[in-house]
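A.B. asks: The structure is given below, and queries will be raised subsequently.
The values are calculated or read from the model by the stated rules, or taken from the named source; none is laboratory data. These numbers were taken from a predicted model, which means no experiment stands behind them. No Cβ is skipped: glycine too gets one built from the backbone with ideal geometry, and neighbour counts run over all protein chains shown. All accessible areas refer to the heavy atoms of the entire protein, side chains included, with ligands and DNA or RNA removed. Shrake-Rupley method; radii C 1.70, N 1.55, O 1.52, S 1.80 Å.
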Amino acid sequence: MTATVLPHELPQLLDAWPCAKVLSLDCFDTLIWRDCHAPADIFACLPGISPAQRARAEQQARKAERLERGRNEVHIDAIYRALFPNGSDEQVQLAIEAELAEEARHCYAFTPTVELMREAKVRGMQVVIVSDTYLDEAQLSELIAASAGEDVAAMIDCIFCSSTYGKSKGEGLYEDVLAKLRVAPQQVVHLGDNRAADVGGVAPFGVNAVHLVQFPQAVREQIRLESAVSSMVEGPAQDRLGAPQPHRAGLALAMPQLHDPAEQLGAATLGPVFAGFERWLQAEARALEEKHGGTVHWLFLMRDGHLPQLVHQATPQGAANPGHAVELSRFTATAASLSDEKAVLAYAKAELGVRPQTLARQLLMEEGEINTLLGDLSPEEGNAALWKALREIPRRRRIARASRAYAERLVAHVRRTVDPQRGDVLMLVDLGYNGSVQNRVDALLARELGVHVAGRYLLLREMDSPGLDKKGFVDARHYDAHALEALCANVAVLEQACTSDCGSVVDYEQDGSPIRRANEIDPQQSAQREKMQRGALRFVREQASATIRVADPCPLDLWRRGAAAAMARLMFLPQMHELAVIDRFQHDVNMGTAKTVALFDPAIARRGLRERGLFYMRGSERMYLPAELAGQGAATRLALLATKRFGLPLTFADFSEATLAIPAVFATTQDAKSQIVTAHATQDGWYMAAIPIGESRYAVALQFGAACDYLQLDSAFFEDQADFLGRRGHGANSSRIDATAEFDSLPEIAPGLYDCSAQAGFMIVHPPASAEVGGKILTVVFRPVFTTKVNRVSASEAHRTAEELCL
């Protein structure tokens, strides 16, 4: 008989075989699990040798065993003798001991399997281990005791290792097992995670073989991608565990019990990240108390601190000290920091260039004053008018007075929420990423409340160096600047998953009560987000009791590295079923406005790739660009990750090697010049021709009749060179002007599709009517359906044909 079982069902497994006498267990990934993605990830910890050397030595040892004895299974001693062909017995033994020590340090017992063993003992059954391994029985027994504890090892009556018998379970090892056990096969229940070995290799002997489904398929894909992304984010592991995934046990327990896609997304992605963050926060709180004395108050900055607070409250420590939800936003912190004229001017200089109405509100100007000052002015005119107004001393003084009053209300809010004593510590907990709120209120709170302020962030990438007490779970102590920039590029998805459904705070009453802006987010989005947060909490609860280990609790460094990989995977390689959960999410901009924008829009990415190819990604400032690139293939998103992660100085030409030559004529009312325009391939057969039109206001005639048999035209437009080069970020394109094209001898046979059978067929574009032409580029995006005519006509021939048309 064969069956399957889910991890959380293991303690009740034996109910299906009440007459069974033997519980047979696979070892690795059934009883003993590792902190990493794959067994070979342990090899990165081994002293003096590389993972590649260790893997090759095993290959060589198995090859030699096949040639000499016709067997594939080897002992670890043979592996290290292949690795050290000239090594002494002592050197080989020390190397084996080092590997076993690393295994013990990074292995643990899976709690449900241990509970199953205990149930078997209650029923009077034997418990045996049958493992495909290069360890022998004594070594495997010692490893189980060292990683899971002597009490777990004591429940095991017998161990069978493939290295001893020279054959694996798939090669018939269980025949020897049954001979040793001397029981009828139907009285044995064997459990293992490898269907081929533990079912296919065992069931033919009449044994009741049960397949442990460690993870659902989607989770297997997720952790595989996390392993891949980990290598890119932090590079190959050296002298430390490769691809750490301390959250595997929690995922195995939580995921099969969740059926709502939003809860699954929260458990699989948010759970591991914030479980690790909480462990680190607890360590930081202890360190702050030891250093500064007094009480450490956990202040979760709303709204993004909502999920971190929920996770904290789900732990035993959080149940005793739940922390405080304090409503401090960038808007309120900034408003409280403009306490003198110098601060007003400094802030205005730094922020001038944003929408002037938004900046004016941040400067605490009244709506009537803003309307009078800015009215219907363009952004450029509005910024000039605002800066002129700020040069007026009385206006700056009014702003400073309003800011000082605002600061009093903000301090009242903190005192109302926390009521710290002098000498206490306020630990501000937030997602990050610059610590802007702390930058603005640190000195204010320290002065007014007599406390020490410490900022503790999930992800910290400071834009300057203010010298404040700040740390990040993931920060510059652990990752280089490019890696941090890559992780910060798509943080909007984390923000929307962590926030609460209340509106953002914009001010406070005199007693400190928060005044909130109305929440403009769709209630359906809030409902989905709450499900995601429930899933994250389910993971936290399951993970807390999922493992049994002798070694010190899993190091924070492994949780940090696992969390960074999980974040990077979600940010750069989101899966389609995950995006389906958040495809209608809106992102609220905050900063005192009610503006919301779609979290991602795949149509924008499709257009950008069609117009620019992969170069589009270099200058794009989208909130969640990888989500918009979903469906474009992993290569596209991996290219984005590599470009961001390593800060690669790539140009348009690096992204587009295929070209198409198009004869063209540039003409004014007095002159015409011919040349070849080179169009570059972008994506899916589309090409982009970028043509500078300069100050001379050229009309451009492109002889598509000489370049292709049919032309599919997507778009033609003028834009500033800065927009074309991505210096202002693709997607804004405020300078874009649609071009009006004329066609000669290119009949339109379907919408946007032109017959280019006439060699003298031209598309003619005249310069825009705007007087501001200088520095603009004409961009033509098209797809040549056939290109049998490429390079058949010279530029001089095209000139003679087109000159009359342009003039």
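A.B. asks: State whether the residues of the stretch 668-682 include one that is surrounded by 21 or more Cβ atoms within 10 Å (Cβ to Cβ) and either at pLDDT below 85 or not in a strand (DSSP E or B) (or both).
C.D. replies: Scanning the stretch 668-682, I find at least one residue that is surrounded by 21 or more Cβ atoms within 10 Å (Cβ to Cβ) and either at pLDDT below 85 or not in a strand (DSSP E or B) (or both), so the answer is yes.
A.B. asks: So which of His478, His482 is more than 21 Å from Ser329 (Cβ to Cβ) and part of a loop (DSSP other than H, G, I, E, B)?
C.D. replies: On the way: His482 fails: part of a loop (DSSP other than H, G, I, E, B).
Every option except His478 fails the conditions.
A.B. asks: Let me ask you something else. Working only within the stretch 166-222, note down all residues that are of a type in the set (D, E, K, R) and either farther than 23 Å from Ala252 by Cα or in a loop (DSSP other than H, G, I, E, B) (or both). Quick ask: steps written out before the conclusion?
C.D. replies: So the first thing to find is which residues in the stretch 166-222 are of a type in the set (D, E, K, R), and the list is 167, 169, 171, 175-176, 180, 182, 193, 195, 198, 220-221.
Lys167, Lys169, Glu171, Glu175, Asp176, Lys180, Arg182, Asp193, listed by residue number.
A.B. asks: Moving to a separate point now. Looking only at the stretch 337-387, count every residue that is in a strand (DSSP E or B) and surrounded by 14 or more Cβ atoms within 10 Å (Cβ to Cβ) and tell me the total.
C.D. replies: Going through the stretch 337-387, the residues in a strand (DSSP E or B) turn out to be 352, 354.
With surrounded by 14 or more Cβ atoms within 10 Å (Cβ to Cβ) added as a condition, the list becomes 352.
Number satisfying all stated conditions: 1.
A.B. asks: Starting from the stretch 405-425, take each residue that is closer than 17 Å to Ala443 by Cβ and list its partners that are part of a helix (DSSP H, G or I) and among the charged types (D, E, K, R), counting only C-beta distances under 9 angstrom and pairs at least six apart or across chains.
C.D. replies: Final answer for the pair search is Ala407/Glu448; Glu408/Glu448; Val411/Glu448; Val414/Glu448; Arg415/Glu448; Val425/Glu289; Val425/Lys291.
A.B. asks: Residues being in contact with a Ser or Thr (Cβ under 6 Å, 6 or more places away or on another chain) and more than 17 Å from Met688 (Cβ to Cβ): count how many of those fall in the stretch 656-667.
C.D. replies: Residues that pass the stated criteria total 1.
A.B. asks: Something else: Which is more than 30 Å from Phe572 (Cα to Cα) and touching a residue at least 12 places away in the same chain (Cβ under 8 Å), of Val229, Val202? It would help to see each step written out before you state the result.
C.D. replies: On the way: Val229 fails: more than 30 Å from Phe572 (Cα to Cα).
Matching residue, one of Val229, Val202: Val202.
A.B. asks: Here's something else I'd like to know. Considering the stretch 238-257 alone, what residues qualify as being open to solvent by 20 Å² or more (accessible area, probe 1.4 Å) and at pLDDT below 95?
C.D. replies: Those that are open to solvent by 20 Å² or more (accessible area, probe 1.4 Å) and at pLDDT below 95: Gln238, Asp239, Arg240.
A.B. asks: For the stretch 724-807, which strands (runs of 3 or more DSSP E) that fit wholly inside it have 1 or more residues that are modelled with pLDDT of 60 or more and among the β-branched types (Val, Ile, Thr)?
C.D. replies: Working: elements: 741-744, 748-750, 753-755, 762-765, 776-786.
Passing ranges, in order: 748-750, 762-765, 776-786.
A.B. asks: Would you please list the contacts, defined by Cβ atoms under 9 Å and residues six or more apart or on different chains, that run from a residue in the stretch 42-56 that is under 15 Å from Ile76 (Cβ atoms) and open to solvent by 10 Å² or more (accessible area, probe 1.4 Å) to a residue that is in a loop (DSSP other than H, G, I, E, B) and not hydrophobic (A, V, I, L, M, F, W, C)?
C.D. replies: Phe43/Ser50; Phe43/Gly242
A.B. asks: Would you confirm whether or not the stretch 286-302 contains a residue that is among the β-branched types (Val, Ile, Thr) and under 30 Å from Glu73 (Cβ atoms)?
C.D. replies: Here is the first cut: in the stretch 286-302, the residues among the β-branched types (Val, Ile, Thr) are 295-296.
Those left that are additionally under 30 Å from Glu73 (Cβ atoms): none.
No, every residue in the stretch 286-302 fails to be among the β-branched types (Val, Ile, Thr) and under 30 Å from Glu73 (Cβ atoms).
A.B. asks: Would you call Val326 among the β-branched types (Val, Ile, Thr), more than 18 Å from Ser436 (Cα to Cα) and open to solvent by less than 10 Å² (accessible area, probe 1.4 Å)? Break it down into steps so the answer makes sense when it comes.
C.D. replies: Working: among the β-branched types (Val, Ile, Thr): yes; more than 18 Å from Ser436 (Cα to Cα): no; open to solvent by less than 10 Å² (accessible area, probe 1.4 Å): yes.
So Val326 does not fit the description; no.
A.B. asks: Tell me whether the stretch 32-50 contains one or more residues that are among the basic types (Lys, Arg), farther than 30 Å from Val219 by Cβ and modelled with pLDDT of 95 or more. Before the answer, list the steps.
C.D. replies: Restricting attention to the stretch 32-50, the residues satisfying the condition of being among the basic types (Lys, Arg) are 34.
Keeping just the survivors that are farther than 30 Å from Val219 by Cβ gives none.
Among the residues of the stretch 32-50, not one is among the basic types (Lys, Arg), farther than 30 Å from Val219 by Cβ and modelled with pLDDT of 95 or more, which makes the answer no.
A.B. asks: Now for a separate question. Hey, any hits in the stretch 20-41 for a residue that's open to solvent by 20 Å² or more (accessible area, probe 1.4 Å), under 22 Å from Gly172 (Cα atoms) and of a type in the set (Lys, Arg)?
C.D. replies: Yes - at least one qualifying residue is present in the stretch 20-41.
A.B. asks: For the structure I just gave you, tell me whether Thr4 is surrounded by fewer than 18 Cβ atoms within 10 Å (Cβ to Cβ), closer than 24 Å to Val189 by Cα and not acidic (Asp, Glu). Explain how you work it out, then say what you get.
C.D. replies: On the way: surrounded by fewer than 18 Cβ atoms within 10 Å (Cβ to Cβ): yes; closer than 24 Å to Val189 by Cα: yes; not acidic (Asp, Glu): yes.
Yes; evaluated as a whole, the condition is true for this residue.
A.B. asks: Shifting gears a bit: Looking at the stretch 471-519, which of the residues that are out of contact with any Gly (no Cβ under 8 Å at 6 or more places or on another chain) and of a type in the set (D, E, K, R) is least open to solvent (accessible area, probe 1.4 Å)?
C.D. replies: Only one residue fits best here, namely Asp475.
A.B. asks: Would you be able to say whether some residue in the stretch 574-583 is touching a strand residue (DSSP E or B) at 6+ places or on another chain (Cβ under 7 Å) and among the polar types (S, T, N, Q)?
C.D. replies: No, that holds for no residue.
A.B. asks: Can you name the number of the only condition in (1) within 22 Å of the chain's Cα centre (by Cα); (2) surrounded by fewer than 22 Cβ atoms within 10 Å (Cβ to Cβ) that Val550 fails?
C.D. replies: (1)
A.B. asks: Could you identify the single residue in Leu428, Leu458, Leu468, Leu445 that is assigned to a helix (DSSP H, G or I) and either without any contact (Cβ under 8 Å) to a residue 60 or more places away in the chain or surrounded by 17 or more Cβ atoms within 10 Å (Cβ to Cβ) (or both)? I'd like the intermediate steps shown before the answer.
C.D. replies: Values: Leu428 fails: assigned to a helix (DSSP H, G or I); Leu458 fails: assigned to a helix (DSSP H, G or I); Leu468 fails: assigned to a helix (DSSP H, G or I).
Just a single option satisfies the conditions, and that option is Leu445.
A.B. asks: Let me ask something additional. Does at least one position in the stretch 191-214 carry a residue that is among the basic types (Lys, Arg), under 40 Å from the mean Cα position of the chain (by Cα), open to solvent by 10 Å² or more (accessible area, probe 1.4 Å) and more than 30 Å from Ala486 (Cα to Cα)?
C.D. replies: Of the residues in the stretch 191-214, the ones among the basic types (Lys, Arg) are 195.
Then drop every residue that is not under 40 Å from the mean Cα position of the chain (by Cα), which leaves 195.
From what's left, open to solvent by 10 Å² or more (accessible area, probe 1.4 Å): 195.
The next check asks that each one be more than 30 Å from Ala486 (Cα to Cα); those that pass are 195.
Yes.
A.B. asks: Within the stretch 29-48, is even one residue over 30 Å from Ala565 (Cα atoms) and part of a loop (DSSP other than H, G, I, E, B)? Can you show your working first?
C.D. replies: Restricting attention to the stretch 29-48, the residues satisfying the condition of being over 30 Å from Ala565 (Cα atoms) are none.
The answer is no, given that none of the residues of the stretch 29-48 is over 30 Å from Ala565 (Cα atoms) and part of a loop (DSSP other than H, G, I, E, B).
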